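K.L.:
What follows is a single structure, and I will ask about it in a moment.
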């Protein structure tokens, strides 16, 4: 098991290129199940979750034609099976995105209920309710969703429906969009998620021949087609990785340029970063940040896009630990996403958690200490805090990091950070 060792106190300076978005790439890879034609995706990050998805798709009978140099090429000529097993799904929630495409194309699926980071309950009831409205018959048996979709009169597996989501779930919107692409008739998804990753999926599906309107808004309309073709598509940049490197520059009082970052995907976050005293420059090919001598405290409330991203909450908390004043962070998306707070306290932070609220009273200095990561974003928040701390910080259980950050220690080192990965003994 690896650990990340950080010796803090160095302002980060320089440029870093952001990788392709994991959260955009994963649904795109599952969209390959919708067609027997070749699908080739560029700018795919080299991450554990991507490799897990490739294994799952191969297990279903998809040919992995190419996987190298940030390019993944797939072809699902004929599927060998219709089951996404627990052994693969338990490590990655996005595996549940196999359900919609399998039902739409094959009419049956058996998919384990998902796992992933332990940041709170993320129920799949919205996915299931939407698919039921489209004519699927669903049953949960021994931890698996077993689903069937009998053929319609026109030979389709699903039929269009009006679906109103109780909450704007990204995963449910993606699953239902993919299923609706091959359904008979029109599907209207109301209260749909508006994240950039939704727009990227819709763009790729459009290249495959799908008819989708309104992606990126709260009302998405899909006119089903009889068949989809292949696609060549470039994955958008990872806005969460971009935000992480911007915090790295700000928390160390340095100056960093994140090439490839798109300001329109990070507007709410950038406004908070500016409120905290950072100078932010929105450029045509990226974003520049100059950190203040000491950040100012600002209140943060997470919300679905275009609000402040829950996936940047832990990073922002790290910044606020050394801010001047007190700040309240309110987490509205996941009920168990403050587990990093106790580890930040080990570094000298003053944080009090009460339910979905955290009060962060800034301290002048953090002090290095051994800490333990609890999930993907918690892992990186501890690295960020370590960059600003005195002495050395050791972060253990960083296997979470490799699910969502590509060579983060290498990228940080290129900005001047004293950070390295080492083998660790038992935690």
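Every number in this text was worked out from the coordinates using simple rules, so none of it is lab data. Values in this document were obtained by computation on a predicted structure and should not be read as measured data. For neighbour counting, all protein chains shown are included, and Cβ atoms are generated from backbone atoms with ideal geometry for every residue, glycine included.
K.L.:
Residue separation times 0.36 nm, minus the C-alpha to C-alpha distance between residue 359 and residue 132: what's the value?
P.N.:
77.5 nm
K.L.:
Assuming 0.36 nm per residue, please report the length gained on full extension of the stretch residue 391 to residue 294 beyond their Cα-Cα distance.
P.N.:
Here the segment from residue 391 to residue 294 would lengthen by 33.1 nm.
K.L.:
Moving on. What distance in nm separates the two pseudo spin-label positions at residue 418 and residue 166, each 7 Å out from Cα along the beta-carbon direction?
P.N.:
Placing both labels 7 Å beyond Cα along the Cβ direction yields 5.1 nm.
K.L.:
Also: Could you tell me the distance between the Cα centroids of the stretch 168-199 and the stretch 208-271, to the nearest Å?
P.N.:
Result: 16 Å between the Cα centres.
K.L.:
Cα centroids of the stretch 320-397 and the stretch 123-167: how far apart, whole angstrom?
P.N.:
40
K.L.:
For a protection proxy built on the mean count of beta-carbon atoms within 10 angstrom, sort 383-395, 133-145 highest first, please.
P.N.:
Ranking the peptides 383-395, 133-145 by packing returns 383-395, 133-145.
K.L.:
What is the ratio of the Cα radius of gyration of the stretch 215-270 to 2.2 N^0.38 Å, with N the residue count, to two decimals?
P.N.:
Here the answer is 1.70, to two decimals.
K.L.:
A further question on this structure: Go through 316-325, 165-174, 93-102, 413-422 and give me the packing order, highest mean Cβ count within 10 Å leading.
P.N.:
Packing proxy ranking, top to bottom: 93-102, 316-325, 165-174, 413-422.
K.L.:
Oh, and also: Label-point separation (nm) for residue 217 and residue 279, each offset 7 Å from Cα along Cα-to-Cβ?
P.N.:
4.0
K.L.:
Moving on. Quick check: convex hull over the Cα atoms of the stretch 22-234, volume per residue in Å³, rounded to an integer?
P.N.:
Convex hull volume per residue, Cα atoms: 101 Å³.
K.L.:
As an exercise, use a Förster radius of 22 Å and the Cβ-Cβ distance of residue 55 and residue 227 to find the FRET efficiency, rounded to the nearest 0.05.
P.N.:
The value I calculate is 0.25.
K.L.:
How large is the direction-averaged shadow of the alpha-carbon convex hull of the stretch 58-173, in nm²?
P.N.:
Result: 8.6 nm².
K.L.:
Just check the chain against the gyration tensor rule for me: Cα atoms, a ≥ b ≥ c as the square roots of the eigenvalues, rounded for a/c under 1.5, and otherwise prolate or oblate depending on whether a/b exceeds b/c.
P.N.:
Prolate, because a/c is 1.5 or more and a/b exceeds b/c.
K.L.:
So if each residue of separation counts as 0.36 nm, and I subtract the Cα-Cα distance between residue 151 and residue 65, what length gain in nm does that give?
P.N.:
27.9 nm
K.L.:
Given a Förster distance of 25 angstrom, what is the FRET efficiency for residue 2 paired with residue 87, based on the Cβ-Cβ distance and rounded to 0.05?
P.N.:
So the FRET efficiency works out to roughly 0.65.
K.L.:
Moving on. Quick check on the chain: of the DSSP beta bridges with both residues there, what percent are antiparallel, nearest 5%?
P.N.:
DSSP beta bridges in the chain are roughly 70 percent antiparallel.
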